[in-house]
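Below you'll find the structure, written out as structure tokens, and then a few comments.
The values are calculated or read from the model by the stated rules, or taken from the named source; none is laboratory data. Remember, it's a predicted structure, so these values are computed and weren't measured experimentally. Note: ideal-geometry Cβ built from the backbone for every residue, glycine included; neighbour counts use all protein chains shown.
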């Protein structure tokens, strides 16, 4: 196994698996992101419907279909439902509720110090409301709530002139509603807000469970196709590697092993193109040059052998000549001594 992983095929296999896993992860993340985006767009479309209803109600107020005097009369008669039906924000909220039915959507209007305790903001809603209050240009925001596994889409609610009847100065309660207690027509205290002030937000909470299940199924189908394509690509790559690289290199290695053992007649493979073909050509060139070098060495060895024989013969002759010269020298020396003795002999005779 270790040998396979260290081979070219093994390395390509490992790299391919890494790439495949990375692509699969990226694809799965992309599908999940698209599911959240789709949920956000669905929530946004519902908010747009609510905004359209609110604007339509505001238009009715400007056309005089609803009037402050009529609201005051309803308040005197205790007709709170009539009052609420004419409030643009309430009409918008009800339209959002109707549009969200059957889609696992939850509609809220969170705000600080709400009249309805159900609209008390949780930490995420409070954070978004603070962002809307700090930046009047911020038109919308969505948050991925991992705890709820839901997308939460927010659109700020900013008060318009018609909202001042219920949320304006408490000192105007007698003029608007016929009471001196600073209360609006529904019995809640007027907050002394001004036109343009933030009055909470529309919120659509979209559960992602079904969307993620569908996205996961889609991702699974896509990954099967992806891995099938990668498998086919790997098969083609392995075939090319085996034919163009692995087999020619293996043949080169076998030839080099025989060549290193002294078989200079071995034939290196041919016929491969590209870098491996260049390698084969270089090996054949090396073989030719080594053969030429070895042949030169053989010729030099033969020449040295002949020179050695000649040197040996010359040395023998020199030795024989030396011996002869020595003998001649000895003979000459003896003759010289004898001759000297004969020359000096008469002296000896006279002496005695």
Flag if residue 102 is at positive phi and either modelled with pLDDT of 85 or more or surrounded by fewer than 18 Cβ atoms within 10 Å (Cβ to Cβ) (or both): yes
Residue within region 324-332 that is modelled with pLDDT under 70 and not in a helix (DSSP H, G or I) present: no
Flag if residue 122 is out of contact with any strand residue (DSSP E or B) (no Cβ under 8 Å at 6 or more places or on another chain), within 24 Å of residue 209 (Cβ to Cβ) and surrounded by fewer than 15 Cβ atoms within 10 Å (Cβ to Cβ): yes
Pairs where the first residue, in region 113-127, is at positive phi and the second is surrounded by 10 or more Cβ atoms within 10 Å (Cβ to Cβ), C-beta under 9 Å, 6+ apart: 113/120; 113/191
Test: residue in region 179-196 that is within 52 Å of the chain's Cα centre (by Cα), assigned by TED's automatic domain parsing to the domain that holds residue 53 and without any contact (Cβ under 8 Å) to a residue 12 or more places away in the chain: no
Extreme residue, surrounded by the fewest Cβ atoms within 10 Å (Cβ to Cβ), among residues of region 146-171 that are farther than 22 Å from residue 188 by Cα and without any contact (Cβ under 8 Å) to a residue 24 or more places away in the chain: 147
Positions within region 22-76 being outside any helix (DSSP H, G or I) and surrounded by 13 or more Cβ atoms within 10 Å (Cβ to Cβ), in sequence order: 66
Wholly within region 118-207, helices (runs of 4 or more DSSP H) carrying at least 3 residues that are under 23 Å from residue 94 (Cβ atoms) and out of contact with any helix residue (DSSP H, G or I) (no Cβ under 9 Å at 6 or more places or on another chain): 123-134
So residue 280, is it modelled with pLDDT under 75, in contact with a helix residue (DSSP H, G or I) (Cβ under 9 Å, 6 or more places away or on another chain) and more than 30 Å from residue 12 (Cβ to Cβ): no
